[in-house]
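The values are calculated or read from the model by the stated rules, or taken from the named source; none is laboratory data. As the structure is a prediction and not an experimental result, all values here were calculated from the model. Here the Cβ is made from the backbone with ideal geometry for all residues, glycine too, and neighbour counts use every protein chain on show. Protein only, heavy atoms only, side chains kept; ligands, DNA and RNA dropped before computing areas. Shrake-Rupley method; radii C 1.70, N 1.55, O 1.52, S 1.80 Å.
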Amino acid sequence: MGQVITIDPITRLEGHGKITIFLNDSGNVDRAFFQIPELRGFEAFCVGRPAEEMPQITSRICGVCPSAHHMASTKTLDSLWDVEPTPTAKIIRQLYYNLFFVEDHTIHFYFLGGPDFVVGPDAPAGERNILGVIGKVGVDVAKQVITIRKRCRDMMAEIGGKAIHPVLGLPGGVAKQITEDTRGVLKELANDCIEFAKFSIQVFNDIVLKNQTYVDVILSDAYNHETYYMGLVDSDKRVNFYDGKIRVVNPDGCEVHLFDVKDYTDYIAEQVEEWSYIKFPYLKKIGWKGFIDGVDSGVVRVAPLARLNASEGMATPLAQVEYDRMYNILGGKPAHNTLAMHWARLIEMLYAAERVKELADAEELTLPNIRNMDLKTPKEGIGVVEAPRGTLIHHYESDERGVLTGVNLLVATLFNSAPICMSVEKAAKSLIKGGEVDDGLLNMVEMAFRAYDPCFGCATHSLPGEMPLNITFRNNDGDVLGSMIRDNNGRESLTWK
Amino acid sequence: MSKPKVAFYWCASCGGCEEAVVDLAERILDVVAAVDIVFWPVALDFKVKHLEAMQDGSIAVAFINGAIRTSEQEHIVKLLRKKAGLVVAFGACAALGGIPSLANLTNKEKIFNRSYHNSPSVDNPTGTVPKTETIVDGHTLKLPEFYETVYKLDDVIDVDYYLPGCAPVPDLIMEAVLAILEGKLPPKGAILSPDKSLCSSCDRNESKPEDITIGEIKRVIDIEVDPEKCFLAQGIICMGPATRDGCGEPCINGNMPCTGCFGPTDSCRDQGAKMIATLAPLLEGDDEEAVRKALEGIIDPAGTFYRYAVSGSLLGAARKEVE
Amino acid sequence: MDVFEPKIVAFVCNWCSYAGADKAGSLKLDYSADVKLIRIMCSGRVDPQFVMDAFREGADGVMVLGCHPGDCHYRTGNIKAMKRFMLLEKMITQFGIDSNRLKLDWVAAGEAEQFQKVANTMVKSIKELGPLKIEGFVKSEVTNV
């Protein structure tokens with residue numbers, strides 16, 4: 001048996017993971033596995049909690065994107081208690097949420113994934129981080145990044161109590177009113193965020209797109225997968241982070257699904273494997289065919305590039321220009337190049353900043369009517385948002401007092417878990433040949449997952465119990481012995497070979 | 001003279017403590033100028049093998065956040081204990097178990113059932129679940145063991161200091177870092193935030209009546225919350241009286257009650273028990289009937305009074321010797 | 001086979017229930033030696049931490065015995081005890097402890113028979129429940145009290 005290489009832990013992401021690469025006797029990659037070694041059990045331990053506590057409890061699934069869970073949870077409470085949030089509450093929520101997107105995408109580009117490009121993928125390990133980025137772009141730029149992020153975080157804390165684990169979400173509304181003074185600060189901040197987003201796109205242009213080596217890496221086959229794409233769209237089928245219908249396009253870019261989140265169990269199912277704590281969602285109507293690409297495989301990708309692929313455009317003018325430019329350069333829609341996620345992320349940052357500006361100007365922003373108190377008897381609620389890392393669905397069942405009896409969470413990075421495994425294995429097989437391995441090459445394998453900006457704390461909260469499932473039974477040699485399929489009504493059929 | 005070495009690690013955590021460090025904003029430039037960060041998976045590419053290669057005691061201080069849920073987490077924190085002079089339990093999860101320790105109110109079996117099986121009617125002994133060792137295509141793959149109980153950090157290793165909060169606040173983080181660099185630390189075992197309850201700094205303190213009496217406990221969904229008045233005086237449970245000060249009351253400023261993330265003060269052994277001791281006498285009525293009615297609004301006492309502290313409670317996670 | 005001898009801790013207040021227990025003793029009224037008395041000045045002194053500590057250290061049952069309502073030496077201490085007790089009772093089941101393992105009752109200074117009855121009833125009920133095994137997580141090693 002050949003050499004075994006372990007990358008442990010994977011770094012510059014949220015969560016825990018390791019990559020194990022098995023080489024055959026010729027030193028080429030036989031298999032590469034991406035394993036998630038963590039699990040916490042949110043869906044089990046949230047049962048018995050009062051539903052209104054969920055926005056604050058589920059935000060602890062992830063401290064990098066707590067606002068995503070907080071918002072998904074808050075919308076689920078709207079659904080659970082069948083209450084429509086007030087117009088002012090909707091504006092406040094969306095404003096907060098888009099501000100969060102600006103801030104979160106900033107963190108990823110400059111701190112997490114970006115260093116791979118800004119410093120270079122095979123730079124020494126000690127330099128492949130934010131400190132190396134600062135070394136490359138200069139302290140002044142670094143201070144700009146730090147300052148804009150702090151201003152966004154401070155405003156999020158003003159609106160939502162805290163930036164890490166906010167408190168604003170309530171069924172039918174938000175907890176706190178916004179003053180005219182705050183509006184003034186917001187308008188200035190929004191303008192600066194737009195400028196900063198434009199600046200970041202410029203950085204990407206100058207450092208990445210003008211560097212032919214990097215462009216070749218982006219367009220290379222090692223980082224290319226032809227999959228389905230999924231994201232939320234508004235009524236004009238443009239990207240929307242807060243609300244809308246879920247749209248799925250196939251690898252050729254044609255729409256195959258457009259549905260309301262309440263019907264999600266008709267469209268999404270999950271696969272369990274023994275070698276990872278994470279599960280692998282896929283498109284139910286296409287079916288699970290394994291970790292492969294193509295129109296016959298139910299593997300679906302989410303997050304920035306997928307959202308842009310699954311949409312007809314951006315809802316704000318500057319972002320739309322960048323959207324068109326990206327697809328021109330990449331050669332059309334949909335774009336299958338995994339590393340283009342970094343680019344799409346910056347376009348989303350610009351859109352989010354433009355939205356903050358629009359919402360900061362909204363008249364209803366500062367009105368006192370921030371809560372609709374007309375709550376009906378709770379029973380079941382389903383809510384969806386786009387988290388920075390993809391589509392995020394919360395689903396709660398409760399008794400008539402609103403005490404939770406069941407919790408299902410379909411978390412963004414979960415959808416990307418199969419694509420990530422595929423991307424890592426493909427990159428490993430393409431880059432590692434003849435037993436030649438060095439730190440730089442291993443980092444390029446890690447780049448395959450980092451583009452997805454994964455959040456494995458999110459992905460391994462624990463996984464739903466009432467989801468349709470497809471389970472494959474294998475013996476120790478890996479031969480398939482049989483399979484069990486459970487549909488979304490809980491009916492199971494077992495077939496043994 | 002070389003700069004002191006510092007390590008950050010996360011166990012069963014959410015990454016919020018990492019974000020709290022990044023929230024030092026421009027102060028982080030001062031920190032990185034003063035120390036050498038040798039291990040920090042969220043931001044730097046150093047791997048476990050780099051950590052293993054370091055000399056024992058060569059790391060000045062290791063900041064560890066997250067609760068202990070798996071064998072891998074136990075292994076790494078024991079490694080860090082060997083390599084570090086000081087260990088700081090960073091954040092509520094490391095100090096008290098945090099939100100993940102709510103899992104101690106359920107159990108591993110229910111968690112796995114909920115995650116990987118479904119109904120009790122599945123009659124299938126070979127149902128697929130993640131295993132600590134599997135073989136795929138002839139290759140052996142391992143996963144760490146998922147423990148029965150969620151532990152806080154000092155259940156597993158010796159801890160020198162505690163920085164409370166979910167997440168800890170930048171000002172207290174900076175104070176702690178400076179104290180370490182300047183060698184001005186309090187006695188070992190100290191919790192690095194003021195030893196008094198939240199109520200002492202709360203802006204709404206003045207609105208508290210001389211005697212608070214609660215006729216009926218209210219949930220936040222029941223009433224429109226008055227943004228100026230003490231939550232307890234409005235009948236809403238606020239963990240302020242049983243929670244340590246130092247956060248700056250951000251939740252209160254967000255017009256929501258405190259949920260207790262800083263944990264208890266030094267004089268209190270068990271946060272939830274203390275809250276019961278404080279809250280119960282505020283309820284109106286002298287007979288069981290009246291008290292029972294007043295208590296109806298408390299739906300989930302354990303989850304409310306020990307939101308972040310189940311592992312730290314007297315009953316919540318009875319200790320087991322961890323190998 | 002070993003007969004289960006439950007360990008029961010009873011917090012008894014100086015002015016009423018302790019005196020009642022004392023009187024039971026002097027009248028040679030038989031009550032189980034499984035009940036260990038801890039004297040405090042008032043039932044209102046019983047911090048819920050004491051109760052949880054008792055369970056943690058190996059008690060199978062815990063009692064809090066105070067003066068009858070209206071008779072408290074400190075006026076309202078026993079009422080506070082009642083309120084704390086009711087909230088604690090509500091919570092203890094979430095930790096996997098049957099709420100019948102916790103008992104609040106009133107015993108006056110002269111009520112020797114009442115004390116005997118309360119003590120022996122508790123022992124009987126705990127014997128039926130069996131030794132305390134906290135569900136859902138691993139129980140620590142308990143030192144012999």
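Taking the stretch C:107-126 as the search range and keeping residues that are open to solvent by less than 10 Å² (accessible area, probe 1.4 Å) and within 15 Å of C:A19 (Cβ to Cβ), which one is nearest to the other protein chains (Cβ to nearest Cβ)?
It comes out as C:V107.
Which of the residues belonging to the stretch A:245-265 are in contact with a helix residue (DSSP H, G or I) (Cβ under 9 Å, 6 or more places away or on another chain), open to solvent by 50 Å² or more (accessible area, probe 1.4 Å) and touching a residue at least 40 places away in the same chain (Cβ under 8 Å)?
Answer for the stretch A:245-265, where residues must be in contact with a helix residue (DSSP H, G or I) (Cβ under 9 Å, 6 or more places away or on another chain), open to solvent by 50 Å² or more (accessible area, probe 1.4 Å) and touching a residue at least 40 places away in the same chain (Cβ under 8 Å): just A:K262.
State yes or no: is A:I10 part of a loop (DSSP other than H, G, I, E, B) and open to solvent by less than 10 Å² (accessible area, probe 1.4 Å)?
yes
So if I check each of B:V310, B:V291, which one is open to solvent by less than 10 Å² (accessible area, probe 1.4 Å), over 17 Å from the mean Cα position of the chain (by Cα) and among the β-branched types (V, I, T)?
B:V291
Filter the stretch B:211-243 for residues that are out of contact with any helix residue (DSSP H, G or I) (no Cβ under 7 Å at 6 or more places or on another chain) and more than 25 Å from A:A51 (Cβ to Cβ) and give the result.
Matches in the stretch B:211-243: B:D211 only.
Give the residue, chosen from B:I223, B:I236, that is free of Cβ contacts under 8 Å to residues at least 24 places away in the same chain, aliphatic (A, V, I, L, M) and open to solvent by 30 Å² or more (accessible area, probe 1.4 Å).
Testing whether each residue is free of Cβ contacts under 8 Å to residues at least 24 places away in the same chain, aliphatic (A, V, I, L, M) and open to solvent by 30 Å² or more (accessible area, probe 1.4 Å) leaves just B:I223.
Which of the residues belonging to the stretch A:23-61 are in contact (Cβ under 8 Å) with a residue 40 or more places away in the chain, more than 7 Å from every other protein chain (Cβ to nearest Cβ) and closer than 30 Å to A:V437 by Cα?
Taking the stretch A:23-61 as the starting set, the residues that turn out to be in contact (Cβ under 8 Å) with a residue 40 or more places away in the chain are A:23, A:26-29, A:31-44, A:46-52, A:54-56, A:58-61.
From what's left, more than 7 Å from every other protein chain (Cβ to nearest Cβ): A:23, A:26-29, A:32, A:34, A:36, A:42, A:46-47, A:51, A:54-55, A:58-59.
Listed by number, the residues that qualify are A:L23, A:S26, A:G27, A:N28, A:V29, A:A32, A:F34, A:I36.
Among the residues of the stretch A:299-331, which ones are buried (at least 23 other Cβ atoms within 10 Å of the Cβ) and among the small types (G, A, S)?
Once the filter is applied, which keeps residues that are buried (at least 23 other Cβ atoms within 10 Å of the Cβ) and among the small types (G, A, S), the stretch A:299-331 yields A:A303, A:A306, A:A310, A:S311, A:A319.
State yes or no: is B:M275 away from chain A (no Cβ under 12 Å), open to solvent by less than 20 Å² (accessible area, probe 1.4 Å) and modelled with pLDDT of 95 or more?
Working: away from chain A (no Cβ under 12 Å): yes; open to solvent by less than 20 Å² (accessible area, probe 1.4 Å): yes; modelled with pLDDT of 95 or more: yes.
The answer is yes for B:M275.
Working carefully through the options A:L189, A:L209, A:L168, A:L219, find the one that is at pLDDT 95 or above, of a type in the set (A, V, I, L, M, F, W, C), out of contact with any His (no Cβ under 9 Å at 6 or more places or on another chain) and surrounded by 15 or more Cβ atoms within 10 Å (Cβ to Cβ). Reasoning before the result, please.
Details: A:L209 fails: at pLDDT 95 or above; A:L168 fails: out of contact with any His (no Cβ under 9 Å at 6 or more places or on another chain); A:L219 fails: at pLDDT 95 or above.
Answer to the check: A:L189.
Among the helices (runs of 4 or more DSSP H) contained in the stretch B:218-302, which hold 1 or more residues that are small (G, A, S)?
Passing ranges, in order: B:271-279, B:288-295.
Need the failing condition index for A:G114 against (1) among the small types (G, A, S); (2) at pLDDT below 95; (3) surrounded by fewer than 24 Cβ atoms within 10 Å (Cβ to Cβ), just the number.
Exception for A:G114: condition (3).
What residue, among those in the stretch A:79-102 that are within 14 Å of chain B (Cβ to nearest Cβ) and surrounded by 24 or more Cβ atoms within 10 Å (Cβ to Cβ), is farthest from A:I148 (Cα to Cα)?
Per the criteria, the residue is A:L80.
Restricting attention to the stretch B:259-272, which residues are within 14 Å of chain A (Cβ to nearest Cβ) and surrounded by fewer than 24 Cβ atoms within 10 Å (Cβ to Cβ)?
Result: B:T259, single match.
Condition first: farther than 22 Å from C:L37 by Cβ, at the interface with chain B (Cβ under 7 Å from one of its Cβ atoms) and either of a type outside the set (V, I, T) or open to solvent by 40 Å² or more (accessible area, probe 1.4 Å) (or both). Now tell me which residues in the stretch C:70-106 satisfy that.
Selection gives C:K83, C:M86, C:L87, C:K90, C:M91, C:Q94, C:F95.
Quick grid of which residues meet (1) open to solvent by 50 Å² or more (accessible area, probe 1.4 Å); (2) at pLDDT below 90; (3) more than 8 Å from chain A (Cβ to nearest Cβ):
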| position | (1), (2), (3) |
| --- | --- |
| B:E109 | yes, yes, yes |
| B:N113 | yes, yes, no |
| B:G127 | no, yes, no |
| B:P130 | no, yes, no |
| B:T134 | no, yes, no |
| B:L141 | no, yes, no |
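Filter the stretch C:16-52 down to residues that are open to solvent by 60 Å² or more (accessible area, probe 1.4 Å) and within 14 Å of chain B (Cβ to nearest Cβ) and give me whichever is nearest to B:S267 (Cα to Cα).
C:F50
If B:G85 passes every condition in (1) farther than 17 Å from B:Y161 by Cα; (2) at pLDDT 90 or above; (3) touching a strand residue (DSSP E or B) at 6+ places or on another chain (Cβ under 9 Å); (4) open to solvent by 10 Å² or more (accessible area, probe 1.4 Å) but one, which one does it miss?
Only one criterion in (1) farther than 17 Å from B:Y161 by Cα; (2) at pLDDT 90 or above; (3) touching a strand residue (DSSP E or B) at 6+ places or on another chain (Cβ under 9 Å); (4) open to solvent by 10 Å² or more (accessible area, probe 1.4 Å) is unmet by B:G85, namely (1).
In the stretch A:279-293, which residues are open to solvent by 20 Å² or more (accessible area, probe 1.4 Å), of a type outside the set (F, W, Y) and touching an Asp or Glu at 6+ places or on another chain (Cβ under 9 Å)?
Passing the criteria: A:K284, A:K285, A:I286, A:K289, A:D293.
Is there any pair with a first residue in the stretch A:137-160 that is within 7 Å of chain B (Cβ to nearest Cβ) and a second that is assigned to a helix (DSSP H, G or I) and buried (at least 20 other Cβ atoms within 10 Å of the Cβ) whose Cβ atoms are under 7 Å apart and which are 6 or more apart or on different chains, and what are they?
Note: pairs meeting the criteria are A:R153/A:E103; A:A157/B:P250; A:G160/A:Y96.
Looking only at the stretch B:171-188, decide whether some residue is within 14 Å of chain A (Cβ to nearest Cβ), farther than 30 Å from B:I299 by Cα and buried (at least 19 other Cβ atoms within 10 Å of the Cβ).
For the stretch B:171-188, residues within 14 Å of chain A (Cβ to nearest Cβ), farther than 30 Å from B:I299 by Cα and buried (at least 19 other Cβ atoms within 10 Å of the Cβ): present.
With B:V42, B:V32 as the choices, which residue is open to solvent by 10 Å² or more (accessible area, probe 1.4 Å) and under 30 Å from A:Q56 (Cα atoms)? First the steps, then the outcome.
Details: B:V32 fails: under 30 Å from A:Q56 (Cα atoms).
Only one candidate qualifies: B:V42.
Going through the stretch A:84-98 one residue at a time, which ones are part of a helix (DSSP H, G or I) and not hydrophobic (A, V, I, L, M, F, W, C)? Please lay out each step first, then the result.
First, pick out the residues of the stretch A:84-98 that are part of a helix (DSSP H, G or I): A:87-98.
Within the stretch A:84-98, A:P87, A:T88, A:K90, A:R93, A:Q94, A:Y96, A:Y97, A:N98 meet the criteria.
Identify the residue in the stretch B:143-155 that is closer than 17 Å to B:G98 by Cα and more than 14 Å from chain C (Cβ to nearest Cβ) and, among all such residues, is least open to solvent (accessible area, probe 1.4 Å).
Among them, the one singled out is B:L153.
Confirm whether A:L392 is within 14 Å of chain B (Cβ to nearest Cβ), surrounded by 15 or more Cβ atoms within 10 Å (Cβ to Cβ), aliphatic (A, V, I, L, M) and in contact with an Asp or Glu (Cβ under 8 Å, 6 or more places away or on another chain). Steps first, answer last, please.
Values: within 14 Å of chain B (Cβ to nearest Cβ): no; surrounded by 15 or more Cβ atoms within 10 Å (Cβ to Cβ): yes; aliphatic (A, V, I, L, M): yes; in contact with an Asp or Glu (Cβ under 8 Å, 6 or more places away or on another chain): yes.
No, not satisfied.
So A:T377 ticks every box in (1) buried (at least 24 other Cβ atoms within 10 Å of the Cβ); (2) more than 12 Å from every other protein chain (Cβ to nearest Cβ) but one. Which box is left unticked?
With (1) buried (at least 24 other Cβ atoms within 10 Å of the Cβ); (2) more than 12 Å from every other protein chain (Cβ to nearest Cβ) applied to A:T377, the lone miss is (1).
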